[in-house]
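The values are calculated or read from the model by the stated rules, or taken from the named source; none is laboratory data. What you see is a predicted model; the values in this text were computed from it and never measured. We place every Cβ from the backbone using ideal geometry, glycine too, and count neighbours over all the protein chains shown.
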Amino acid sequence: MMPVTSPPDRAHLAPLTRQTLRRLGAAAAIASCLLLAQCSWPNPVTGPTPGPTSDSLSPKRTITDANLITAADLPPPIGGGKVLEDDRNARSLDHLSICQPQPLETLGASAIKSRSFRTRYPSGDRPFPRSSLEDEPDRYAVALQFADPSAAQRAKSIFENWVISCAASREPPRDIRGLRPSVDWTPVPADPAQAEVAEVAYRLDGSAPNAYYESVGLTVLQDRMMITVHLFYADESPYSLTVDDDEGGFAHPQLGLIEAAGRRLSQ
């Protein structure tokens, strides 16, 4: 007689059968998918890809030599002279103006570039008395780059206050005599920029009865500023910021510097 065995437990058999069927079904699906070349392996789940930062979208601007005034940008001076680029015996940027108490770096610019110029006159054609300016530049132009327009406006306000405080001080800078304002801060045309000019007159030891006239122009265009300085030595100023009037005198050299500054800052 054949041994009698107990039939397998159906409760145990059912899970194994369902598991086997699931495996067979999955294998068949993969084979069919590969055969039809219509499926791909799933990609692993990853986090979101970082987007571009604001710095990469808006790279910081800076100034180049193209933003600097050249001698060819400036109108010829009165008296038949010629403006030449010259940095010999030039003032330091830490003391660009006699009314500048701190280095330009304190204005917070990210970049600073400068040029200086001297006026050369033919022999015997000088319209001004002889002075130390014969061996020094009489025009300066300094371009400054800032992080944003508000930073440029803050720097402009700081420089304005330097000149205002200097002209009103009862203790002028060392070796300066008779310091007085000649022109208060006055807006001048500089489209598309905004600009203004102030001027002080002073004497150095031994310079009487004539005086040195130093004007400062501040031209701001967006996140950039140009500081321009002009110097001359005379008994009185022949220049005017208002040239529409017949009695106004010669156009102030600062007007030419500022016009050139507006063009250069926009490049």
Point to revise | Neighbours by Cβ (under 9 Å, 6+ apart or cross-chain): first from region 164-186, farther than 11 Å from Ala201 by Cβ; second assigned to a helix (DSSP H, G or I) and among the acidic types (Asp, Glu) | key: Trp185/Glu160
Review point. Identify, please: which residue in region 171-208 is among the β-branched types (Val, Ile, Thr) and under 21 Å from Glu259 (Cβ atoms) and is, among those, surrounded by the fewest Cβ atoms within 10 Å (Cβ to Cβ)?
Key: Thr186
Exercise for review: Tell me which residues, restricted to region 121-170, are of a type in the set (D, E, K, R) and either over 26 Å from Pro181 (Cβ atoms) or outside any strand (DSSP E or B) (or both).
Suggested key: Asp125, Arg126, Arg130, Glu134, Asp135, Glu136, Asp138, Asp148, Arg154, Lys156, Glu160, Arg170
**Study point:** Test: Arg115 is out of contact with any Pro (no Cβ under 7 Å at 6 or more places or on another chain), within 23 Å of Asp65 (Cβ to Cβ) and charged (D, E, K, R)
**Key:** yes
Point to revise | Index of the failed condition, Asp244 passing every other in (1) in a loop (DSSP other than H, G, I, E, B); (2) touching a Pro at 6+ places or on another chain (Cβ under 7 Å) | key: (2)
Study note, to complete from the structure: Per the filter on region 88-142, residues among the polar types (S, T, N, Q) and within 22 Å of the chain's Cα centre (by Cα) are Ser92, Ser97, Gln100, Gln102, Thr106, Ser110, Ser114, Ser116
Exercise for review: Go through region 129-147 residue by residue and tally those that are touching a strand residue (DSSP E or B) at 6+ places or on another chain (Cβ under 9 Å) and surrounded by fewer than 21 Cβ atoms within 10 Å (Cβ to Cβ).
Suggested key: 8
Review point. Is there a residue in region 153-165 that is at pLDDT below 95 and either under 20 Å from Arg126 (Cβ atoms) or buried (at least 20 other Cβ atoms within 10 Å of the Cβ) (or both)?
Key: no
Exercise for review: Within region 142-158, identify whether any single residue is free of Cβ contacts under 8 Å to residues at least 24 places away in the same chain and not charged (D, E, K, R), and answer yes or no.
Suggested key: yes
Check your understanding: Gly124 is checked against (1) out of contact with any Lys or Arg (no Cβ under 8 Å at 6 or more places or on another chain); (2) at negative phi and fails just one. What number does that condition carry?
Key -> (2)
Revision key, fill the gap. Over region 73-96, the set of residues assigned to a helix (DSSP H, G or I) and not hydrophobic (A, V, I, L, M, F, W, C) is Asp73, Asp94, His95
Practice item. Please enumerate the residues belonging to region 57-97 that are hydrophobic (A, V, I, L, M, F, W, C) and either over 30 Å from Asp148 (Cβ atoms) or without any contact (Cβ under 8 Å) to a residue 60 or more places away in the chain (or both). Key: Leu57, Ala71, Ala72, Ile78, Val83, Leu84, Ala90, Leu93
Check your understanding: Looking at this structure, is Thr219 modelled with pLDDT of 95 or more, touching a helix residue (DSSP H, G or I) at 6+ places or on another chain (Cβ under 8 Å) and assigned to a strand (DSSP E or B)?
Key -> yes
Review point. Here are some conditions: (1) touching a helix residue (DSSP H, G or I) at 6+ places or on another chain (Cβ under 6 Å); (2) under 17 Å from Ala198 (Cβ atoms). Ile69 meets all but one. Which one does it not meet?
Key: (2)
